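A.B. asks: Below: one structure in structure tokens.
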Amino acid sequence: MAALFRASRNLLLGWTKHHALVSSRSMASKTPVGFVGLGNMGTPMAKNLLKNGYPVIATDVFPESRKELQDTGAQVVDSPADVAEKADRIITMLPSSPNVIEVYTGPNGILKKVKKGTLLIDSSTIDPAVSKEMAVAAEKMGAVFMDAPVSGGVGAASMGKLTFMVGGVEQEYNAAQELLTCMGANVVYCGQVGTGQAAKICNNMLLAIGMIGTAETMNLGIRLGLDPKLLAKILNMSSGRCWSSDTYNPVPGVMEGVPSANSYQGGFGTTLMAKDLGLAQNTATNTKTTIPLGSLAHQIYRVMCARGYANKDFSSVFQFLREEEGQ
């Protein structure tokens with residue numbers, strides 16, 4: 001009996017050691033991923049990389065953002081250059097074109113210490129022309145730059161359900177896809193560098209127009225005496241249905257778990273929507289494309305920024321319209 005017990009114990013110990021070895025080997029195969037930009041979107045994205053077993057080396061200009069990620073297991077460094085020194089796959093998630101230029105080409109930028117063969121994936125929403133500039137600068141250093149802006153907002157970022165629109169050298173797409181699928185449900189290759197940004201700008205222009213249309217429609221229905229929940233239900237089973245009406249309704253009390261149910265806090269800020277619409281306006285001007293509704297949406301969101309809505313979610317356009325009526 002004692003012999004049988006010893007044999008069983010040795011078998012169990014052997015099994016445990018074997019699986020520990022396999023586990024450590026599989027973890028070791030996941031080389032560190034750099035992450036620069038730990039804002040509302042970047043932090044949950046980086047956390048999803050950690051959840052998928054990737055060691056993360058991160059930085060951000062705000063110490064509190066760095067600490068939050070450090071507390072969840074990431075290694076934190078002082079600058080983008082330090083990230084580039086330690087990782088050969090780097091993701092950036094930044095607010096605007098000037099931030100991207102600084103993070104890549106500034107005095108402490110990624111390209112100061114980037115290693116040859118490094119894969120650089122920028123998930124910021126910026127001017128496609130800037131993405132192309134960064135790709136050229138990266139290529140001179142022997143690195144590969146891809147643009148991979150996202151759609152889905154903070155909620156999708158937290159759940160790992162973002163949509164990535166990827167532009168860059170097609171041969172590098174599989175390497176980028178491996179990381180992006182840890183953070184998103186959909187990863188779509190769009191073409192050469194800058195095409196990911198083009199797709200994102202077009203999507204957000206339609207999103208802004210749709211949100212304003214939904215807010216106007218809901219407001220008119222309420223003024224006509226319709227219950228907002230009933231109106232939303234009718235819209236969502238009719239031809240007027242859209243993402244802004246069925247997933248992200250702008251009227252307080254119609255849906256739970258969206259910014260309109262939380263005083264328009266969180267979500268996608270009005271100032272960021274105004275920025276994206278500005279990018280759409282610039283690219284439309286450069287390509288001589290007529291975008292009357294896109295231009296009007298840009299003006300509405302710019303006025304909202306000037307009227308105290310800059311830090312509220314972009315669905316607060318409903319509240320803005322009510323305010324304009326003096327309600």
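The values are calculated or read from the model by the stated rules, or taken from the named source; none is laboratory data. None of the values given here were measured: they were computed from a predicted structure. Heads up, the Cβs are rebuilt from the backbone with ideal geometry, glycines too, and the neighbour counts pull from every protein chain shown. All accessible areas refer to the heavy atoms of the entire protein, side chains included, with ligands and DNA or RNA removed. Shrake-Rupley method; radii C 1.70, N 1.55, O 1.52, S 1.80 Å.
A.B. asks: Every residue in the range 275-303 that is within 24 Å of Val150 (Cα to Cα) and either open to solvent by less than 10 Å² (accessible area, probe 1.4 Å) or of a type in the set (Lys, Arg) (or both), please.
C.D. replies: Once the filter is applied, which keeps residues that are within 24 Å of Val150 (Cα to Cα) and either open to solvent by less than 10 Å² (accessible area, probe 1.4 Å) or of a type in the set (Lys, Arg) (or both), the range 275-303 yields Lys275, Asp276, Leu277, Ala280, Ala284, Gly294, Ala297, Tyr301, Arg302.
A.B. asks: Okay, next question. Tell me whether the range 38-51 contains one or more residues that are of a type in the set (A, V, I, L, M, F, W, C), farther than 26 Å from Leu279 by Cα and modelled with pLDDT under 95.
C.D. replies: No, the conditions are met nowhere in the range 38-51.
A.B. asks: Sticking with this structure for a sec: I'd like the full set of residues that are open to solvent by less than 10 Å² (accessible area, probe 1.4 Å) and under 15 Å from Lys112 (Cα atoms), limited to the range 81-97.
C.D. replies: Ala81, Val83, Ala84, Ala87, Ile90
A.B. asks: If you check Met165, Met159, Met183, which single one turns out to be within 27 Å of Ser315 (Cβ to Cβ) and free of Cβ contacts under 8 Å to residues at least 12 places away in the same chain?
C.D. replies: Met159
A.B. asks: Looking at Leu207, is it closer than 30 Å to Val33 by Cβ, within 22 Å of the chain's Cα centre (by Cα) and open to solvent by less than 50 Å² (accessible area, probe 1.4 Å)?
C.D. replies: Yes; evaluated as a whole, the condition is true for this residue.
A.B. asks: Further question: Picking from Ala232, Ala198, Ala176, which residue would you name as being touching a helix residue (DSSP H, G or I) at 6+ places or on another chain (Cβ under 8 Å) and either on the phi > 0 side of the Ramachandran plot or in contact (Cβ under 8 Å) with a residue 40 or more places away in the chain (or both)?
C.D. replies: Sole residue among the options that is touching a helix residue (DSSP H, G or I) at 6+ places or on another chain (Cβ under 8 Å) and either on the phi > 0 side of the Ramachandran plot or in contact (Cβ under 8 Å) with a residue 40 or more places away in the chain (or both): Ala198.
A.B. asks: Among the residues of the range 268-285, are any modelled with pLDDT under 95 and in a loop (DSSP other than H, G, I, E, B)?
C.D. replies: yes
Residue-by-condition table, conditions (1) in contact with a helix residue (DSSP H, G or I) (Cβ under 6 Å, 6 or more places away or on another chain); (2) farther than 26 Å from Thr43 by Cβ; (3) free of Cβ contacts under 8 Å to residues at least 24 places away in the same chain:
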position	(1), (2), (3)
Val254	yes, yes, no
Thr270	yes, no, no
Arg307	no, yes, yes
Gly326	no, yes, yes
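A.B. asks: Just to be sure before I move on: is Val188 under 25 Å from Lys275 (Cβ atoms), open to solvent by 40 Å² or more (accessible area, probe 1.4 Å) and at pLDDT 95 or above in the structure I sent?
C.D. replies: Spelling it out, Val188 is indeed under 25 Å from Lys275 (Cβ atoms), open to solvent by 40 Å² or more (accessible area, probe 1.4 Å) and at pLDDT 95 or above.
A.B. asks: Related question: Considering each residue of the range 96-138, count those that are over 26 Å from Thr163 (Cα atoms) and either part of a helix (DSSP H, G or I) or touching a residue at least 40 places away in the same chain (Cβ under 8 Å) (or both), and give that number.
C.D. replies: So the count comes out to 5.
A.B. asks: Still on this structure: Among the listed residues Thr59, Thr72, Thr43, identify the single one that is open to solvent by less than 20 Å² (accessible area, probe 1.4 Å), touching a Lys or Arg at 6+ places or on another chain (Cβ under 8 Å) and at negative phi.
C.D. replies: Thr59
A.B. asks: Sort out which residues of the range 153-180 are over 22 Å from Pro95 (Cα atoms) and either charged (D, E, K, R) or open to solvent by 50 Å² or more (accessible area, probe 1.4 Å) (or both), and write them in order of number.
C.D. replies: Val169, Glu170, Gln171, Glu172, Asn174, Gln177, Glu178
A.B. asks: Can you name every residue in the range 179-195 that is over 30 Å from Val251 (Cα atoms) and touching a helix residue (DSSP H, G or I) at 6+ places or on another chain (Cβ under 8 Å)?
C.D. replies: Result: Leu179, Cys182, Val187, Val188, Tyr189, Cys190, Val193, Gly194, Thr195.
A.B. asks: Within the range 141-155, is there a residue that is assigned to a helix (DSSP H, G or I) and closer than 30 Å to Leu111 by Cα?
C.D. replies: Yes.
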